[in-house]
Each structure stands twice: as structure tokens, then as C-alpha cells.
Number of protein chains: 2
Amino acid sequence: MAGRAGTGGRSVTSRALQVLDAFDSTAPRLTLSEIAERSGTPLSTAHRLLGELTAWGALRRRPDGRYEIGRKLWDLGLLAPVQLELRQVATPFLLDVHTATRDTVHLAVREGRSALYVERVSGRESVPVVSQVGSRLPLHATGVGKVLLAAAPDDVVDAVLRAPTRETRHTVVAPARLRRELAEVRRRGYARTAEEMSLGTLSLAVPVRVERPAGPAVVAALGVVVPSHRRDLLRLVPVLEVAARGIGRELSRVHAFH
Amino acid sequence: MAGRAGTGGRSVTSRALQVLDAFDSTAPRLTLSEIAERSGTPLSTAHRLLGELTAWGALRRRPDGRYEIGRKLWDLGLLAPVQLELRQVATPFLLDVHTATRDTVHLAVREGRSALYVERVSGRESVPVVSQVGSRLPLHATGVGKVLLAAAPDDVVDAVLRAPTRETRHTVVAPARLRRELAEVRRRGYARTAEEMSLGTLSLAVPVRVERPAGPAVVAALGVVVPSHRRDLLRLVPVLEVAARGIGRELSRVHAFH
DNA sequence: CGATTCCTTCCGCTGAGTGGGAGGCTGGCC
DNA sequence: GGCCAGCCTCCCACTCAGCGGAAGGAATCG
């Protein structure tokens with residue numbers, strides 16, 4: 001590095017996108033120097049880029065000098081069709097389930113080797129749960145995850161079972177046992193977990209299916225999370241199934257129309 | 001413009017941000033040429049930028065060749081603290097109201113001269129409403145808007161009353177009458193509209209207040225939208241007030257804790 | 001089958017972005 | 001109070017990354 005300038009701009013447009021990459025859910029508010037370090041950008045460059053991004057509205061400067069994601073990115077993010085149709089169709093059904101049970105209700109899809117939570121309805125007195133809209137949780141340790149994994153292609157199952165993370169002392173990490181569980185999920189049509197992701201909670205989930213030319217396909221999973229002391233969890237299976245069928249039916253209708 | 005190159009890059013980082021600006025809620029899916037035109041970017045430049053943005057994940061290429069906002073921007077957008085705390089605190093209360101009334105419930109804040117809808121809970125059989133999370137509606141034609149406007153500084157009120165848009169034939173656009181209505185909203189503690197934003201719907205809204213050193217401040221508005229044939233709308237006032245007070249109380253607690 | 005529209009790729013030019021460094025500001029420590 | 005360390009802000013000469021005109025495909029249409 002003898003020269004003085006112009007070595008930057010690897011391949012993405014300016015370093016602006018690298019700067020944005022410095023932000024994630026574990027670090028939503030950052031100082032200039034943190035951003036510079038996390039994004040591997042020289043301080044002065046980061047400073048200028050942050051100024052431009054802030055002027056555009058992608059970021060916002062807090063009174064304490066830190067930067068955070070701004071309203072414009074929020075707006076744009078809401079335009080993302082990340083399961084937009086699925087969410088719109090499913091939300092009323094999630095509300096129905098929530099109204100009937102007062103429990104925390106989730107809708108998740110599989111994204112690679114994770115369960116991506118795309119929608120959530122949670123009441124006030126619900127147990128605190130780790131999942132949030134936009135968060136990704138392992139496929140082998142949650143109800144919705146098991147449902148999605150049970151419907152996933154073999155290579156995904158193999159990849160997940162190769163190194164299942166241990167989340168709590170109840171997490172099932174033995175590949176053979178996980179395979180048996182997945183088979184059971186397929187047979188029974190629902191998945192159940194007990195304190196496998198977070199202590200103190202049970203979960204129950206069912207698949208959301210749509211009819212495809214090649215046969216029914218699992219496009220999402222619908223689940224509830226309840227405190228451990230609840231004994232009647234399996235009574236919710238029919239409730240979830242009704243809602244899941246409703247979602248599947250609506251999705252088919254929307255697709256046919258489109 | 002005699003030269004050939006390098007005239008671009010006005011002031012924002014690359015044209016990438018201009019390209020992103022081409023997307024809005026009225027145009028969430030665009031072709032290359034549409035984007036080039038909407039953003040005032042030469043076709044080949046737009047093409048390259050779109051490639052980079054797509055590689056980064058900001059955009060996604062649809063099977064039909066169009067571009068749309070991608071998952072990465074969705075992720076980042078969810079990090080935006082756009083009333084994040086308010087939303088988290090308020091959502092359970094919105095659910096309570098929805099459970100009690102089965103109506104469409106909104107939470108909005110004032111942003112400049114618009115009402116910004118930050119959260120929404122709508123049932124299945126609800127009337128179709130124009131508002132969506134992230135959308136902005138005029139302050140003078142909706143229930144939540146009037147509540148927010150009634151609590152806004154004078155210069156905002158003046159600016160809005162200078163040129164109120166006509167949304168339907170029932171929209172109140174006479175400044176004098178609007179001022180009288182705002183006074184009434186302040187006096188009674190709620191706002192009501194009848195088909196002023198969209199035909200076929202009524203709305204009702206109350207302010208969400210928090211205690212500040214300088215006295216109570218209106219930080220948001222909580223409202224419902226119902227079909228026009230409903231006659232018992234005012235019965236919902238106490239329901240909304242209870243929820244609004246609950247939200248205010250929670251907000252104060254969170255702030256004190258922080 | 002030529003016309004039209006839209007997308008993709010190429011490549012020489014140049015000025016916009018780059019980043020080292022100087023300078024300011026703040027707060028903590030001796 | 002003086003010094004130092006950690007941040008942030010600003011400046012400016014260098015240069016190479018982005019720019020965009022233009023040509024070449026691909027797809028659609030009448």
C-alpha cells in the first residue's frame with residue numbers, strides 16, 4: 001500500500017452498502033468509529049458516507065451522536081415482498097387463533113437452514129419469547145422449525161442434522177432422534193417442543209399447505225408458544241389446523257386469481 | 001454536456017440511492033427502464049447499479065425480470081427505531097381493542113403535516129381501508145389525523161389549513177370549520193369522521209398522552225375504522241380511552257426505567 | 001420479417017470518491 | 001490546571017472506479 005487514495009470500492013456500489021452492513025439486530029445503534037471498524041472502512045470515508053446516508057434518510061443521527069436506521073429504510077423495507085402476500089393473507093387467521101387462545105401465535109417460513117419469523121401476534125400476558133418478526137431461529141429446536149424441516153428437501157435436513165446447536169439442556173441434538181421426530185411430525189401433522197429453544201415454554205406448530213400441480217407443498221408453519229405449565233397444549237391442534245387450512249385456501253385463491 | 005462521462009453522482013453516494021428512490025408504495029415492482037426513467041439515471045448505469053444492489057440483497061430480481069425490494073432492506077428496515085418502543089408497548093393494547101370490537105384499529109403519530117400509521121390490527125371481515133402500516137394520510141381527513149392535528153403546534157395547523165386536500169365529497173376543507181372541529185376535539189377528547197377519507201367508513205380516535213415535565217403531551221393517536229352503517233360508534237370512546245391510557249402509562253414506565 | 005421495445009455488454013474518459021493526516025473537542029486522570 | 005486519549009470533523013491531491021454513449025441481442029408484435 002504505497003499509494004494514497006482510490007484503493008477502495010471493492011465491488012459493491014461505493015462503500016455505502018458495506019457501511020449499512022455494520023448494522024444488525026445485535027448492533028442497531030453505532031458510533032462512527034464502531035461503524036468504521038465493523039465495515040472495514042477508513043474513518044474519514046465512513047464519516048462522509050454516513051453523512052450522505054443520513055442526508056438521504058437511510059440513517060438517522062441520534063442526539064447522543066450515534067447512528068441508527070432511519071425512516072426511509074423502514075419505508076422501503078415495508079415494500080419488500082418478503083412473504084407480503086402470505087402475511088396479508090395469514091394475519092387475520094393469526095388474530096383468530098390469538099383471540100381464541102390468547103397465546104402468542106407465529107407464522108414462519110423456511111429460509112435456508114433457519115426458520116424466518118414473518119409475522120407474530122402476541123398478547124400482553126404472554127410468556128416472553130425470543131422470536132420477533134424478522135428473526136431467524138434454528139429449524140431443529142422450535143415447533144415451527146420442526147414442521148418446516150419435516151417438509152424440507154433431504155439436503156437441508158442433512159445439513160441441519162450435521163451440527164444441531166444446543167439451545168437449552170432440553171434441545172434434541174441427536175441426529176437419529178431428530179430424524180425419528182421429523183417422521184413423527186410428518187405422520188401426525190403437527191410438531192411439539194418442550195423447552196428446547198427457551199426454558200419455560202412449550203410450542204406447537206402445524207404446516208400451512210397449498211395445492212401445487214406437483215401435489216401439496218408446505219409453504220409456511222403456524223405455531224403457538226405457551227408457558228410450560230400448560231397441560232392442554234394438544235387441544236390447540238385442531239384450532240391451528242383450521243387456521244392453517246384457511247390460510248392455504250386463501251393463498252390458493254389469490255394465486256389462481258393472479 | 002459535451003463530455004462523455006463522469007457527470008453523474010450528484011451528491012448522494014453513487015446513484016444507488018436515487019435508484020432506490022424509484023421504489024415507493026405505488027410502484028413496488030419496476031422494470032429496468034422504469035427505474036432508469038423514474039430515477040433520471042441512464043439505462044446502462046441503472047443496469048449496473050441494479051446488479052450491485054441485487055447482489056448485495058437490497059433488491060431482488062423477480063422471475064419476470066422486474067425488480068423489487070429485497071430481504072436485506074426488509075431486515076434493516078425492521079431495525080429502524082421508528083416508534084419501535086411505541087409499537088412494542090402499544091400492540092397488545094391494539095389487540096385488546098380489536099378483540100373487544102373486532103374492528104380495524106390503528107396507531108398513528110404525526111410526522112410533519114401527515115399522519116404516519118405505525119401499527120394496525122385489522123380483522124378479516126373489516127371494511128377495506130386505505131391505511132397501511134407505513135402509509136401517510138392527511139391530518140384533516142381522518143380520525144387519528146384530527147386528534148394529532150388538535151395537539152399540533154400552531155404553525156403546523158396553519159400550514160395544513162392553508163390547503164386542505166379534498167379526499168371525498170364529505171371531506172371538510174373549510175379552514176374555519178376545521179378550526180372549530182379541532183377545538184371540539186380538544187374539548188371532548190376524541191375525534192370522529194364520517195366518510196371524509198374514504199366513502200363507506202366512519203372513524204373514531206383518541207389521543208395517547210404521556211406525562212412530561214412540561215405537562216401532558218400527545219405522542220400518538222389511537223383510532224378505529226368501521227363501516228358507515230354502524231350507529232354505535234361513540235360507545236367505543238371509553239374502550240379507546242382505556243387502551244390509550246394504558247399505552248400512556250406503559251410508555252411512562254418504560255421511559256422512567258430508561 | 002422488418003419494426004419496436006427492452007435488456008445486456010463493452011470500453012475509453014475523467015472528476016468524484018478516497019483516505020492519510022491535521023486539527024478540534026470532550027472528559028478523565030494525575 | 002495541564003496532559004493525554006479517544007472521538008469526531010474537515011481538508012485536499014491523487015487516481016481509479018464509476019460513468020454513460022453506443023452497439024449487439026432477445027423477445028414481442030402486427
**Study point:** In segment B:14-38, the residues that are within 13 Å of DNA strand D (Cβ to nearest atom), closer than 21 Å to residue B:72 by Cα, open to solvent by 10 Å² or more (accessible area, probe 1.4 Å) and more than 7 Å from every other protein chain (Cβ to nearest Cβ)
**Key:** B:15, B:18, B:31, B:32
Review point. Residues of segment B:64-75 being within 10 Å of another protein chain (Cβ to nearest Cβ) and open to solvent by 10 Å² or more (accessible area, probe 1.4 Å), which ones?
Key: B:71, B:72, B:75
Check your understanding: Just a yes or no: is a residue in segment A:75-88 polar (S, T, N, Q) and touching a residue at least 40 places away in the same chain (Cβ under 8 Å)?
Key -> yes
Check your understanding: Does residue B:226 meet the test of being aliphatic (A, V, I, L, M) and more than 20 Å from the chain's Cα centre (by Cα)?
Key -> no
**Study point:** Conditions (1) acidic (Asp, Glu); (2) within 12 Å of chain A (Cβ to nearest Cβ); (3) away from DNA strand D (no atom under 16 Å from the Cβ): number failed by residue B:85
**Key:** (2)
Study note, to complete from the structure: Filtering segment A:39-67 for residues that are polar (S, T, N, Q), more than 9 Å from DNA strand D (Cβ to nearest atom) and over 27 Å from the mean Cα position of the chain (by Cα) leaves a count of 2
**Study point:** Some residue of segment B:148-156 being open to solvent by less than 50 Å² (accessible area, probe 1.4 Å), without any contact (Cβ under 8 Å) to a residue 40 or more places away in the chain and β-branched (Val, Ile, Thr)
**Key:** no
Check your understanding: Pick from A:53, A:59, A:79: which is over 30 Å from residue A:221 (Cβ atoms), crowded, with 19+ Cβ neighbours inside 10 Å and within 8 Å of chain B (Cβ to nearest Cβ)?
Key -> A:53
Exercise for review: Find the residue count for segment A:55-83, including only residues that are touching a Lys or Arg at 6+ places or on another chain (Cβ under 7 Å) and hydrophobic (A, V, I, L, M, F, W, C).
Suggested key: 4
Review point. Does residue B:185 satisfy being buried (at least 19 other Cβ atoms within 10 Å of the Cβ) and in a strand (DSSP E or B)?
Key: no
**Study point:** residue A:240 being open to solvent by less than 20 Å² (accessible area, probe 1.4 Å) and of a type outside the set (Val, Ile, Thr)
**Key:** yes
Revision key, fill the gap. The lone condition residue B:34 fails out of (1) closer than 30 Å to residue A:99 by Cα; (2) among the acidic types (Asp, Glu); (3) not assigned by TED's automatic domain parsing to the domain that holds residue B:244 is (1)
Exercise for review: Scan segment B:51-60 and give yes if some residue there is more than 16 Å from DNA strand C (Cβ to nearest atom), closer than 30 Å to residue B:241 by Cα and without any contact (Cβ under 8 Å) to a residue 40 or more places away in the chain, otherwise no.
Suggested key: no
**Study point:** residue A:84 being under 30 Å from residue A:244 (Cβ atoms) and surrounded by fewer than 21 Cβ atoms within 10 Å (Cβ to Cβ)
**Key:** yes
Practice item. Only one of these is under 30 Å from residue B:238 (Cα atoms), of a type in the set (Ser, Thr, Tyr) and open to solvent by less than 40 Å² (accessible area, probe 1.4 Å): B:45, B:99, B:104, B:41. Name it. Key: B:104
Check your understanding: If you check residue B:115 against the conditions, is it more than 14 Å from every other protein chain (Cβ to nearest Cβ), open to solvent by 30 Å² or more (accessible area, probe 1.4 Å), at pLDDT 90 or above and under 14 Å from residue B:220 (Cα atoms)?
Key -> no
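The values are calculated or read from the model by the stated rules, or taken from the named source; none is laboratory data. This structure is a prediction, so every number in the text was calculated from the model and none was measured. Positions of Cβ are backbone-derived with ideal geometry, glycine not excepted, and every protein chain shown enters the neighbour counts. With ligands, DNA and RNA removed, areas are computed over all heavy atoms of the protein, side chains included. Shrake-Rupley method; radii C 1.70, N 1.55, O 1.52, S 1.80 Å.
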